[in-house]
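The values are calculated or read from the model by the stated rules, or taken from the named source; none is laboratory data. Fair warning: this is a prediction, and the values are worked out from it, not measured in the lab. Don't worry about glycine lacking a Cβ; one is built from the backbone with ideal geometry, like all the others, and counts go over all protein chains shown. Side chains are part of the model used for accessible areas, which takes the heavy atoms of the whole protein and leaves out ligands, DNA and RNA. Shrake-Rupley method; radii C 1.70, N 1.55, O 1.52, S 1.80 Å.
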Amino acid sequence: MTSTTPRVAVVTGGARGIGAATAARLAADGHAVAVLDLLEDVAAETAAKLTADGHRAIGVGVDVADEDAVTAAVERVVTELGAPTILVNNAGILRDNLLFKMSTDDWDAVLGVHLRGAFLVTRAVQKHMIDAGWGRIVNLSSTSALGNRGQANYAAAKAGMQGFTKTLAIELGKFGVTANAVAPGVIATDMIAETAARVGVPLEDFLAHMAKEVPAGRVGQPEDIAAAVSFFCSDEAGFTNGQVLYVAGGPKA
Ligand SMILES: NC(=O)c1ccc[n+]([C@@H]2O[C@H](COP(=O)([O-])OP(=O)(O)OC[C@H]3O[C@@H](n4cnc5c(N)ncnc54)[C@H](O)[C@@H]3O)[C@@H](O)[C@H]2O)c1
């Protein structure tokens with residue numbers, strides 16, 4: 001557990017995978033947690049597990065790319081938990097294809113969830129951080145930001161998250177708000193399971209193949225990412241601002 005003052009945290013895409021592990025980790029760190037997700041029922045279940053463990057948590061159904069829905073979701077968080085001063089922009093989707101086969105819809109959908117989504121939620125939450133004179137924003141990038149075959153949309157979005165993060169750090173630093181990014185390598189979640197299914201490889205074989213490329217000799221688990229997010233959200237990370245931390249079992253650029 002990281003030593004920190006209890007706050008109200010928003011985790012987008014928090015229903016499952018990295019987001020759910022991050023929600024659990026931030027709750028264990030002592031924060032109240034709002035689990036925002038397109039999957040409203042799963043978000044409610046994830047929040048219910050946290051409350052059953054004695055934490056304060058709510059699940060909120062929201063499409064992060066929908067401006068009005070984001071405004072309403074953040075208002076609900078303020079009413080039910082209090083003003084949020086921790087935000088983890090984690091919601092994400094894949095629509096992989098080689099460039100010549102990539103549809104405009106698949107480009108727009110990926111940019112929409114990752115970039116427009118992070119923009120809308122951050123804009124809605126930042127005023128509470130400014131009012132408090134304290135805030136922590138963590139954006140999920142990816143090793144794919146460095147380029148990855150079949151992911152022109154996703155790589156552009158994840159590189160975009162890094163530029164977004166650094167700009168937030170510059171604009172909000174003087175208000176006691178930090179913004180950092182975590183860039184995971186391959187993490188065993190439903191997102192990877194969907195990729196394995198799409199390419200027609202059994203999940204265990206797919207993960208074993210990916211693990212061979214990782215210096216640490218294994219793929220990551222959601223908790224590996226949650227631990228890095230927890231550090232960036234802590235009181236003691238106040239001078240760590242505008243950084244991108246690759247959590248990939250080995251060095252990345
Ligand atoms: N799994 C990996 O290997 C990996 C690697 C690098 C980066 N990432 C990033 O980490 C984040 C989490 O990934 P994951 O592996 O846990 O994926 P996941 O698919 O298991 O979970 C993503 C969550 O985001 C939610 N979501 C999707 N679109 C949404 C929307 N419009 N509004 C609200 N919620 C929405 C989904 O419902 C889901 O609960 C993503 O940003 C992903 O790009 C994952």
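Has segment 74-84 got any residue that is more than 9 Å from the ligand (Cβ to nearest atom) and under 25 Å from Thr189 (Cα atoms)? No; the residues of segment 74-84 include none that is more than 9 Å from the ligand (Cβ to nearest atom) and under 25 Å from Thr189 (Cα atoms). In the set (1) more than 17 Å from Val247 (Cβ to Cβ); (2) open to solvent by less than 40 Å² (accessible area, probe 1.4 Å); (3) in contact (Cβ under 8 Å) with a residue 60 or more places away in the chain, Val177 fails one condition alone, (3). Tell me, please, whether a residue that is in a helix (DSSP H, G or I) and touching a helix residue (DSSP H, G or I) at 6+ places or on another chain (Cβ under 8 Å) can be found in segment 179-189. Looking for residues that are in a helix (DSSP H, G or I) and touching a helix residue (DSSP H, G or I) at 6+ places or on another chain (Cβ under 8 Å), one finds none in segment 179-189, hence no. The set of residues in segment 205-235 that are more than 21 Å from Ala21 (Cα to Cα) and open to solvent by 40 Å² or more (accessible area, probe 1.4 Å) comprises Asp205, Ala208, His209, Met210, Lys212, Glu213, Pro215, Gly217.
Name the residues in segment 195-215 that are within 14 Å of the ligand (Cβ to nearest atom) and not in a helix (DSSP H, G or I), would you? The answer is Glu213, Val214. Only one entry of Gly112, Gly54 meets the criterion of being out of contact with any helix residue (DSSP H, G or I) (no Cβ under 7 Å at 6 or more places or on another chain), at positive phi and not aliphatic (A, V, I, L, M), and that entry is Gly54.
When Arg7 is tested against (1) open to solvent by 70 Å² or more (accessible area, probe 1.4 Å); (2) within 26 Å of Asp131 (Cα to Cα); (3) among the charged types (D, E, K, R), only condition (1) is not met.
Given the criterion open to solvent by 10 Å² or more (accessible area, probe 1.4 Å), within 21 Å of Ala24 (Cβ to Cβ) and of a type outside the set (A, V, I, L, M, F, W, C), identify the matching residue among Gly61, Gly133, Gly147. Going through Gly61, Gly133, Gly147 in turn, the sole match is Gly61. In the condition set (1) farther than 29 Å from Gly173 by Cα; (2) buried (at least 24 other Cβ atoms within 10 Å of the Cβ); (3) away from the ligand (no atom under 12 Å from the Cβ), Lys49 is compliant with all but (2).
Evaluation of Arg198 against the conditions (1) modelled with pLDDT of 95 or more; (2) under 18 Å from Trp107 (Cβ atoms) shows that the sole unmet condition is (1).
The residues listed here are Ile170, Ile192; of these, the one that is more than 10 Å from the ligand (Cβ to nearest atom), in a helix (DSSP H, G or I), within 21 Å of the chain's Cα centre (by Cα) and of a type in the set (A, V, I, L, M) is Ile170. Residue count for segment 22-43 satisfying the condition of being surrounded by fewer than 18 Cβ atoms within 10 Å (Cβ to Cβ) and within 15 Å of the ligand (Cβ to nearest atom): 4.
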